[in-house]
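Bear in mind that the values in this text are calculations on the coordinates, not laboratory data. No experiment lies behind these values; they were computed from the predicted model shown. Glycine also receives a Cβ, built like all others from the backbone with ideal geometry; neighbour counts cover every protein chain displayed.
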Amino acid sequence: MIEQIIIAGSGGQGVLTLGIFLARIAVYEGKNAAWLPSYGAEKRGGFSFCSLVISDKEIYSPVVETPDTLIVFDQRAIESYAARAAEKTMIIENTSLIPNDTAGKGKKVLVAASGIAKALQSDKVTNIVLAGAYLAAKKIFTFQNAETIMKDMLGSKAGSLMQKNIDALKSGFESVK
C-alpha cells in the first residue's frame, strides 16, 4: 500500500498540522510516513503546502508529483494544484472557500469545512474537519486511532480544545458518509 497526498492552502489554516496529524496516525498504525512541508516567508496568508507519503514499505522520497489524494483549503490551492490531479486522484475540497472549482480530473469529495468549523464556533478546526473527511473517504486509518493521536498532539492543551477537535473530526467524517 502506498498513499501519496498533497495538502495545500494558506498559512494559518492548519495545512502543515493536518499533514503531521495524518503522518502520526500512519506511524501509530505501523506504517511508514514521510512528510515534506513548504511555506512562504509570511506567517499567515502566504501559500502553504505539504506532501505526505504513507506506505507499508520503505519510502525513498517524500516528493509527490501526482497525488492519490489532494486536500485543498482554498481557491488559490485548487488553482495551483488541480493540474497535478489524475483521474484516480481523490480531491477533498473545502467548498466554503472554493467558489470556482478548477479541477477537471479526479473524484471530488466536497466538504464545507470552514462552514462546519464556524458552526462549531471555532474557525481553527477547519483542518480537523478535513481530516475527518479524509478518514471517511479513504478508509485507510481508524477513527479511534485518529482520536488517540489527537489527544497525544494536544497534550496539556486538551481541555476544551479536545472536545471541539473531536466534534470537528466527527463532523468531517459524517459529512462524507
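Determine, for V27, V111, V176, V129, the number of other Cβ atoms within 10 Å of each Cβ, and report the residues in order from fewest to most. Can you show the working numbers first?
Numbers: V27 12, V111 26, V176 16, V129 31.
The most exposed by this proxy come first: V27, V176, V111, V129.
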Rank G172, V27, V64 by how far each Cα sits towards the positive end of the charge dipole of the chain (+1 on Lys, Arg Cβ; -1 on Asp, Glu Cβ) and give me just the farthest.
G172
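Enter the per residue convex hull volume of the chain, computed from alpha-carbon coordinates, in Å³ rounded to the nearest integer. Walk me through the numbers on the way to the answer.
On the way: hull volume 19.1 nm³, N = 177.
That works out to 108 Å³ per residue.
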Considering only G159, Q4, I78, whose Cα is most displaced toward the positive end of the charge dipole of the chain, charges sitting on Cβ of Lys, Arg (+1) and Asp, Glu (-1)?
G159
To check you understand DSSP bridge types, tell me what percent of the beta bridges within the range 2-176 (both residues inside) are antiparallel, rounded to 5.
55
Determine the dipole magnitude for the range 65-170: charges of +1 sit on the beta-carbon of Lys and Arg, -1 on that of Asp and Glu, nothing else is charged, the reference point is the Cα centre, and the result goes in debye to the nearest 20.
180
Using Cα pairs under 8 angstrom and six or more residues apart, how large is the relative contact order of the chain, in percent?
20
Cα centroid distance between the range 1-21 and the range 68-136, in Å?
11
What 222 nm value per residue comes from the helices of the chain, counting each DSSP H run with n ≥ 4 as -39,500 (n - 2.57) and dividing by all residues, nearest 500 deg cm²/dmol?
-12500 deg cm²/dmol
